């Protein structure tokens, strides 16, 4: 079974594109959702996060996301340390999930697929792109964040130019109908490659 990495900068619409693949009967694993779930359910992760960030990182057994974000987004070493706790757990969870899937290929959707080196575990990688104005507009509507907050988050991710060098395919997501037809085209290519 082929694993297809799917990534894109914040606000590029990678979750929307993942939904187009789901409509085709392709199983989609969303790494960020898995990370959130494991942060809530894994006792081992809870202990490691508290050791890293202190007792305030959890209210009882619930992650204090605001507190965690306020620390890690202002301290790259803490962010890397947190990622080194969560990423291996997500990778193991994905391997278990993958054994239960039956589609010719599966989509592994992750925000920092290239930055984390996760793309190396995928057979092919798809990059979803959108222009900066479009991304800012989407994120303001979605998160009610300020332009400054969004730009700070964007600055922590690699540029599309850097990602394009590692991607096998690109889906430009400025127009939903065009993005959907690109998914149709890629789906056919991937089915052929998966059956060979």
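FYI, it's all coordinate maths here, none of it is from the lab. As the structure is a computational prediction, the values presented were derived from the model and not from experiment. Cβ placement follows ideal geometry from the backbone for every residue including glycine, while neighbour counts extend to all protein chains displayed.
Calculate, in nm to one decimal, what residue 196 and residue 76 gain on full extension: separation in residues at 0.36 nm each, minus their alpha carbon distance.
Extending this stretch completely gives an extra 38.9 nm.
How many nm is it between the label spots at residue 177 and residue 123, if each spot is 7 Å from the Cα in line with the beta carbon?
Placing both labels 7 Å along Cα→Cβ, they lie 3.2 nm apart.
At 7 Å along Cα-to-Cβ for each site, give me the label-to-label distance between residue 185 and residue 24 in nm.
1.2 nm
Can you give me the distance in nm between label points at residue 159 and residue 42, each placed 7 Å from the Cα along the Cα-to-Cβ direction?
That separation, rounded to one decimal, is 3.4 nm.
Do the sum for the chain: with -39,500 (n - 2.57) for every DSSP H run of n ≥ 4, divided by all residues, what is the mean residue ellipticity at 222 nm, to the nearest 500 deg cm²/dmol?
Result for the chain: -17500 deg cm²/dmol, rounded to the nearest 500.
Could you tell me how far the Cα centroid of segment 172-195 sits from the Cα centroid of segment 104-119, in Å?
17 Å
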